[in-house]
Amino acid sequence: MPGLLVLMGSGETSPTMVEIHRAAARTLRAGARAVLLDTPYAFQENRADISARARGYFARSVGLDVEVAPAITGADWVFSGPGSPTYALDRWAGSGVAGDLRARIRARTGVTVLASAAACTAGLATVPVYEIYKVGAEPHWREGVDLLEPLGLRAVLIPHFDNAEGGTHDTRYCYLGERRLSRMERELPPGTAVLGLDEHTALIIDLESESVRVAGRGGLTVRRPGSLTVLPTGTTTDLGELRSLAEGRAGTSVPLTRVRTPPRPARPPR
């Protein structure tokens, strides 16, 4: 069965993302086992309600009969989404799920869909968004699951990249804002790129053909010190080109928008 890695910036169970889910599901064989990992939100009192709504969405809109399970052994399709990235990291490390997720990508098999908080764990480091934005911890990174390493990408992944909920304050970059992200970037290992996924946007990687597609409402930003490159929705390329962008190598043939310095958020209307 062909392998797919689908990373979503947000909107994972919204009408916006239905066609992306359907396209991924069409690669599955008949009778495929579909598993929802509820770990990122398992600490919430409404855990069962969130899972029920997600199962209903996938059954009704995608045609997938999804089971909620703590492990992914034998799963053909795996989905995990909203909640706390660090809560998920701690439990996936202890249960072996982190290793199982990496093994799926190394083997380049199965469909793996990670969105929002779960997508945040996909790189070599993870933004502890609750701790920084809600609790007031000093900006810092946590070690990630690093599903991108087997694909030759030395990067962190930040969902909710174009978030604008703050209104009068900067909540882009998964609620970090420019000041905190710039500080945190200096703490990353040399040569690490930031891959920013806008809300209601997906990065779809075919693990067999190594084709790459950006779909949804926004774009994928490849950010390096002093500059960034935006791949708008509809962009189709391959892993080789994405690696070139992440490494800052010239000569890419990808249609893109280059920005020398990160833009400041627009002022809210008075």
Task: Under Karplus coefficients 6.51, -1.76 and 1.60, residue-wise ³J(HN,Hα) of the range 236-242 in Hz, glycine/proline x - done: 10, 8, 9, 4, x, 5, 5
- [ ] Could you order ASP206, ASP65, ASP49 by accessible surface area, starting with the largest, using a probe radius of 1.4 Å?
- [x] ASP65, ASP49, ASP206
Task: For the range 27-71: rounded, prolate or oblate by the Cα gyration tensor [a/c cutoff 1.5] - done: oblate
Task: Length added when fully stretched, HIS140-ARG29, from 0.36 nm per residue minus Cα-Cα - done: 35.8 nm
- [ ] Could you tell me what percent of the accessible area of the range 117-208 is made up of carbon and sulfur, with a 1.4 Å probe and every protein chain present?
- [x] 49
Open item on the list: Under the rule a/c < 1.5 gives rounded, and otherwise a/b versus b/c splits prolate from oblate, where does the range 1-103 land using the Cα gyration tensor?
Closed with: oblate
Open item on the list: Between THR73 and GLU185, how high is the FRET efficiency from 1/(1 + (r/R0)^6) when r is the Cβ-Cβ distance and R₀ = 41 Å? Nearest 0.05.
Closed with: 0.70
- [ ] Of the DSSP beta bridges with both residues in the chain, give the percent that are antiparallel, rounding to the nearest 5.
- [x] 60
TODO: First compute the accessible area of the range 1-111 with a 1.4 Å probe, then give the percent of it belonging to carbon and sulfur atoms.
DONE: 50
TODO: Go through the range 139-154 residue by residue and turn each phi into a ³J(HN,Hα) via Karplus (6.51, -1.76, 1.60, θ = phi - 60°); whole Hz please, and just put x for glycine and proline.
DONE: x, 7, 10, 10, 4, x, 6, 6, 6, 7, 4, x, 9, x, 10, 9
Task: Heavy-atom surface of the range 79-189, accessible at 1.4 Å and reported per residue (Å²) - done: 38
Task: Phi-based couplings in Hz for the range 208-222 (Karplus 6.51, -1.76, 1.60; Gly and Pro marked x) - done: 8, 8, 6, 6, 10, 9, 10, 9, x, 8, x, x, 10, 9, 9
- [ ] First check a/c for the range 140-241, with a ≥ b ≥ c the square roots of the eigenvalues of its C-alpha gyration tensor; if it is under 1.5, answer rounded, and if not, answer prolate when a/b is larger than b/c or oblate otherwise.
- [x] oblate
- [ ] List the longest stretch of the chain that has no exposed loop site; here a site is one of the GluC sites (Glu not before Pro) assigned by DSSP to anything other than H, G, I, E or B, with at most 15 other Cβ within 10 Å.
- [x] 46-164
Open item on the list: List the residues, sorted by chain then number, that are 5 or more residues from ASP238 or on another chain and whose placed amide H is less than 5 Å from its amide H.
Closed with: VAL212
TODO: Would you calculate, for the chain, the mean residue ellipticity at 222 nm contributed by helices, counting each DSSP H stretch of 4 or more residues as -39,500 (n - 2.57) and dividing by all residues, to the nearest 500?
DONE: -7000 deg cm²/dmol
Task: Simple label model, 7 Å out from Cα along Cβ direction - SER95 to PHE43, nm - done: 1.5
Task: Selected from THR13, THR73, THR235 as most flexible by GNM, with the chain as the system and alpha-carbon contacts under 10 Å - done: THR73
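The values are calculated or read from the model by the stated rules, or taken from the named source; none is laboratory data. Nothing here was measured: the structure is a model prediction, and the numbers come from that model. For neighbour counting, all protein chains shown are included, and Cβ atoms are generated from backbone atoms with ideal geometry for every residue, glycine included. All accessible areas refer to the heavy atoms of the entire protein, side chains included, with ligands and DNA or RNA removed. Shrake-Rupley method; radii C 1.70, N 1.55, O 1.52, S 1.80 Å.
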